[in-house]
1. For region 42-137, rounded, prolate or oblate, judged on the Cα gyration tensor with a ≥ b ≥ c (square roots of eigenvalues), a/c < 1.5 rounded, else prolate if a/b > b/c?
2. Could you list 79, 129 so that the one with the fewest beta carbons within 10 Å of its beta carbon is first and the one with the most is last?
3. Under 1.5 on a/c is rounded, so check that first for region 53-199, then, if it is not, pick prolate when a/b is larger than b/c and oblate when it is not; a ≥ b ≥ c are the square roots of the alpha carbon gyration tensor eigenvalues.
4. Scattering from the C-alpha atoms of region 90-134 alone, worked out with Debye: what is log10 I(q)/I(0) at q = 0.16, 0.17 1/Å?
5. Residue 167 to residue 188: FRET efficiency via 1/(1 + (r/R0)^6), r the Cβ-Cβ distance, R0 41 Å, to the nearest 0.05?
6. If each residue's Cβ is checked for other Cβ atoms within 10 Å, how do 144, 114, 105 rank with the fewest at the top?
7. Which of 164, 93 has the fewest other C-beta atoms within 10 Å, and how do the rest follow up to the most?
8. Decide, for region 69-113, between rounded, prolate and oblate: order the square roots of the alpha carbon gyration tensor eigenvalues as a ≥ b ≥ c, take rounded if a/c falls under 1.5, and otherwise choose prolate if a/b is larger than b/c, else oblate.
């Protein structure tokens, strides 16, 4: 059985992550892009392009119990949880906010993989909320909204929203999907601060993912 919100403060939050599925954190923090190992950090010197709106959908699949996920569908790559702060928690509800980071691509031609030189990274703030059966701790519904704050590489100038949805599946499982409204080349700002690459949360950190 999935743990109730009241048990989420235990040293290991793995069960909570799996129970809540995947809406991990992106603190309402400064606009910044985390750059992972081996990624370029130089400024994008490409010519400005016209803004373009794109709708993206897909699934969110847990990789580990430290807030790392694989995104499939229109966004393909790895989604990292950098911070997670709980500011309300009861047997029937939990609310969190934090900071997240995505490393991958937008599969515009739907060929199922990231084309060469079409990769990038973006960071996003997030707020997550979920409701539970207070008697069993079973997830009823989870939602998470992620306003994108900064981008690099192919995501330079990106703005928009990524919404994630947790729904119970089977006796104890959770299925997480996402839908996003993205605006490519929304801004020509090149002042995004760079932080040191994605560092997984410690096993003691509480994270409810959507």
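1. Prolate shape, in that a/c is at least 1.5 and a/b is the bigger ratio.
2. Values: 79 30, 129 18.
Lowest to highest Cβ neighbour count: 129, 79.
3. prolate
4. -0.63, -0.66
5. E(calc), rounded to 0.05, equals 0.60.
6. Working: 144 31, 114 16, 105 21.
Lowest count first: 114, 105, 144.
7. Working: 164 27, 93 14.
Ranked by crowding around the Cβ, least crowded first: 93, 164.
8. Judged from the Cα gyration tensor, region 69-113 comes out prolate (a/c at least 1.5, a/b above b/c).
Read-outs throughout are calculated quantities, based only on the coordinates presented, and are distinct from any laboratory measurement. The structure presented is a predicted model; accordingly, all values stated were derived computationally and were not measured. Counting neighbours? That spans all protein chains shown, and the Cβs are built from the backbone with ideal geometry, glycine included.
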